[in-house]
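**Q** Take this structure first; my questions come after.
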Amino acid sequence: MLSATDVEAIERATLAAVAPERVETIDGWLLPMDTGTVGRAHSAVPLHHGAHDPTLIDAIALRYQDAGLRPVFRLPEVPAFQAWWPLLAAHGFRREQPTLTQTGSVEDLLALSDQTEGVTLDAGPDAAWMAMFLGEGFDPVDGASRAKALSRAQGTLFASLREGGETLACGAASFGQGWLSMHGLRTAARHRGRGLAGRLIRAMALEAQRRGITRSFLQVDACNASALALYGRAGMSTAWPYAYWRPAPV
C-alpha cells in the first residue's frame, strides 16, 4: 500500500517529467495546462485518493475553458471517485484510455538484464533520440509532441542504446520526489524482442541507485500486453489504475 505522501510524490514527479507548459492548482489538485497531445500534461489530477468534493468538476472545467483548453480529468479508479463517474457522464464526459500506474524497486529493475552495453544517459536528447518517436509504428504527431514534452523537463536523463552508430532504443529517466520514473521507452520495430529495453532500464536503475533512490514507477496503457509482460519481469506491479475522462465529441 502506498501512503498519501507517496501518491502526491508520484503525481508531482509525473508532471515534472512530462513538463506541461504550465501547472495550476486547486483544492488538492494539479491542473497541468498544455496544448500538446500528452494526456498527463493536460489533464487535472488529484494529489490524494481520499474524498474530494464533486462540485470541483465545474470549477476545474471552468479553469481549463478559461485557458482555451478542453477540460480533461485523469481519475484514479479507487472507491473515493465512484461518485464522480456518473456525474462526469452527466456533464458530457466519457471514460477513455485505461492506464496503470505501476511501482517497484530499483533493485528488481537491476535484475531485468545483466548488461548496459551500448547505452548512454545524456543530459539532453539528440536528433536520433527525438526521431525514435517518429518511427515505424508510432503516430508522428503524437510522437513529436511526446518527444517535445519530455525534452522540456529539467534534470531528466535521456537514455539511448546505439549499435553501429544507429539508435535502436530510447527512453527518459527522471529522478524526482524520491522516485525513479521511466517515460517514453521505445524500441525500433525491427529490433524488438532482443532485450534492448532491459538494457535501458538497467542503466536507468544503476543511475537511480547511485543517487540513493530505491523506488521506481511508470505509467503504462492497460492494453499494452508486451509492455506489461516486460514490467512484470522487472518486478513492477499496479499501484492503482486510472482513466481519462474527456468531453464526448459533439
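**Q** Any chance you could give the angle, 0 to 90 degrees and rounded to 10, that helix 196-210 forms with the longest Cα principal axis of the chain?
**A** The angle comes out at about 80 degrees.
**Q** Largest first and in whole Å, what are the equivalent-ellipsoid semi-axes of region 71-179 based on the Cα gyration tensor, each being the root of 5 times an eigenvalue?
**A** One finds semi-axes of 34, 20, 13 Å for region 71-179.
**Q** In region 1-146, how does Rg compare with the Kirkwood Rh, expressed as the Rg/Rh ratio over alpha carbon atoms?
**A** 1.01
**Q** P(r) tail for region 105-250, what percent of Cα pairs lie past 27 Å? Can you show the working numbers first?
**A** On the way: 1954 of 10585 pairs.
Result for the distance tail: 18 percent.
**Q** Could I ask something else about it? With all pairs of different alpha carbon atoms counted, what Kirkwood hydrodynamic radius in Å does the chain show? Mind dumping the intermediate values first?
**A** Details: mean 1/r = 0.0536 Å⁻¹.
Taking every pair of different Cα atoms in the chain, averaging 1/r and inverting gives 18.7 Å.
**Q** Additional query: Could you state the angle between the C-alpha long axis of helix 4-18 and the longest principal axis of the C-alpha atoms of the chain, as a value from 0 to 90 degrees rounded to the nearest 10?
**A** Helix 4-18 sits at roughly 70 degrees to that axis.
**Q** Within a Cβ distance under 14 Å of residue 85, other residues only, what is the Lys/Arg minus Asp/Glu net charge?
**A** Value of the local net charge: +2.
**Q** Taking the solvent-accessible surface of protein heavy atoms with a 1.4 Å probe, what is the per residue accessible area of the chain in Å²? Provide the component values of the computation, followed by the final result.
**A** Working: 11140 Å² over 250 residues.
Computed with neighbouring chains in place, this is 45 Å² per residue.
**Q** Moving on to the next point. Just want to confirm a number: the relative contact order over the chain, from Cα pairs under 8 angstrom separated by 6+ residues, in percent.
**A** Value for the chain: 28 percent.
**Q** Can you send over the carbon and sulfur percentage of the accessible area for the chain, probe radius 1.4 Å, protein chains only? Could the numbers behind the result be given before it?
**A** On the way: 5770 of 11140 Å².
Carbon plus sulfur share of accessible area: 52 percent.
The values are calculated or read from the model by the stated rules, or taken from the named source; none is laboratory data. Because the structure is predicted, anything quoted here is derived from the model rather than measured. Glycine also receives a Cβ, built like all others from the backbone with ideal geometry; neighbour counts cover every protein chain displayed. For the accessible areas, the whole protein counts, side chains as well, though only heavy atoms, and no ligand, DNA or RNA atoms are used. Shrake-Rupley method; radii C 1.70, N 1.55, O 1.52, S 1.80 Å.
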